[in-house]
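Worksheet: one structure, shown below.
The values are calculated or read from the model by the stated rules, or taken from the named source; none is laboratory data. Bear in mind that the values here come from a model prediction, so they are computed numbers and not experimental data. Note that each Cβ is placed from the backbone with ideal geometry, even for glycine, and that neighbours are counted across all protein chains shown.
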């Protein structure tokens, strides 16, 4: 499988099913009411509108969207297993720890 496709598959697995890494929400998301938080997390999980404009490398690692009255950005980063450096091979889950961060756009 092509490397970008494999990375996209692993990123989608984390984003859609919260499997294969950690999911983090920022303080800006944390202070919202529980319904808004649930709606935002569900919207990020359901997001599929990747295009060459918002996903030029085909890795499904970042996008922005509107959820209710909030502009949201999600970003997936691939670290080495110790979370010290970038992953040596983001297509290999054995050497990669993914972190999905969900934030308000104005926190970026």
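Overview of results
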{"read-out": "Options 36, 43, 91: the member that is farther than 22 Å from residue 8 by Cα and either touching a residue at least 24 places away in the same chain (Cβ under 8 Å) or touching a helix residue (DSSP H, G or I) at 6+ places or on another chain (Cβ under 6 Å) (or both)", "value": "36"}
{"read-out": "Some residue of region 70-84 being in contact (Cβ under 8 Å) with a residue 60 or more places away in the chain and within 12 Å of the chain's Cα centre (by Cα)", "value": "yes"}
{"read-out": "Residue 5 touching a residue at least 40 places away in the same chain (Cβ under 8 Å) and out of contact with any helix residue (DSSP H, G or I) (no Cβ under 6 Å at 6 or more places or on another chain)", "value": "yes"}
{"read-out": "Flag for residue 74 being modelled with pLDDT of 95 or more and over 20 Å from residue 19 (Cα atoms)", "value": "no"}
{"read-out": "Subset tally (residues that are surrounded by 15 or more Cβ atoms within 10 Å (Cβ to Cβ) and either assigned to a loop (DSSP other than H, G, I, E, B) or in contact with a strand residue (DSSP E or B) (Cβ under 7 Å, 6 or more places away or on another chain) (or both)) for region 90-108", "value": "11"}
{"read-out": "Wholly within region 1-73, helices (runs of 4 or more DSSP H) carrying at least 3 residues that are surrounded by 17 or more Cβ atoms within 10 Å (Cβ to Cβ)", "value": "3-17, 34-46"}
